[in-house]
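Here the structure is laid out as structure tokens; the discussion comes afterwards.
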Amino acid sequence: MDATLYKSVLTRRRLKYNYYFSAPTAGKPVLLFVHGFPSTSYDWRYQVTFFKDKGYGLIVPDMLGYGRTDKPVDPADYILSLIAQDLLDILDAEKIEKPIAVGHDW
């Protein structure tokens, strides 16, 4: 994955998220790839290559606690509803209203 396509955003909770972003070509949707635990955005590298070559937009964050995203020590920061809001903050930063979400977990 091209390191120059990574960005960061500060969420409403003041947490920094690192994410890969590639804009779509005309008419293609944006895919939001969310990795499981433990992992990083790098696990999606093959899917990123495949879908980027087909013109899909991509948002692939390092989830909270992993990669170059913040790693808070308070377990309360990892409540799933809060992490979901963080993902919405990333989508808002990129002005993406309706992504197609893809996820995995071990």
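Give the residues of segment 64-106 that are in a loop (DSSP other than H, G, I, E, B), touching a Gly at 6+ places or on another chain (Cβ under 9 Å) and modelled with pLDDT of 95 or more, sorted by residue number.
LYS71, PRO72, GLU94, ILE96, PRO99
Out of everything in segment 54-63 that is assigned to a loop (DSSP other than H, G, I, E, B) and more than 13 Å from VAL9 (Cβ to Cβ), what residue ends up being most open to solvent (accessible area, probe 1.4 Å)?
LYS54
Taking the options TYR46, TYR42, TYR78, TYR66, name whichever one is surrounded by 13 or more Cβ atoms within 10 Å (Cβ to Cβ), farther than 20 Å from ARG14 by Cα and among the aromatic types (Phe, Trp, Tyr).
Criteria check complete, one pass: TYR42.
Test PHE51 against the criterion of being outside any strand (DSSP E or B), hydrophobic (A, V, I, L, M, F, W, C), open to solvent by 50 Å² or more (accessible area, probe 1.4 Å) and more than 14 Å from MET1 (Cα to Cα), and give yes or no.
No; evaluated as a whole, the condition is false for this residue.
What's the number of the condition ASP92 fails, among (1) surrounded by 13 or more Cβ atoms within 10 Å (Cβ to Cβ); (2) out of contact with any strand residue (DSSP E or B) (no Cβ under 7 Å at 6 or more places or on another chain); (3) within 13 Å of SER22 (Cα to Cα); (4) not hydrophobic (A, V, I, L, M, F, W, C)?
(3)
The values are calculated or read from the model by the stated rules, or taken from the named source; none is laboratory data. From a predicted model like this one, the values you see are computed outputs, not experimental measurements. Cβ coordinates were reconstructed from backbone atoms using ideal geometry, including for glycine residues, and neighbour counts include every protein chain displayed. Accessible surface areas use protein heavy atoms only, side chains included; no ligands, DNA or RNA. Shrake-Rupley method; radii C 1.70, N 1.55, O 1.52, S 1.80 Å.
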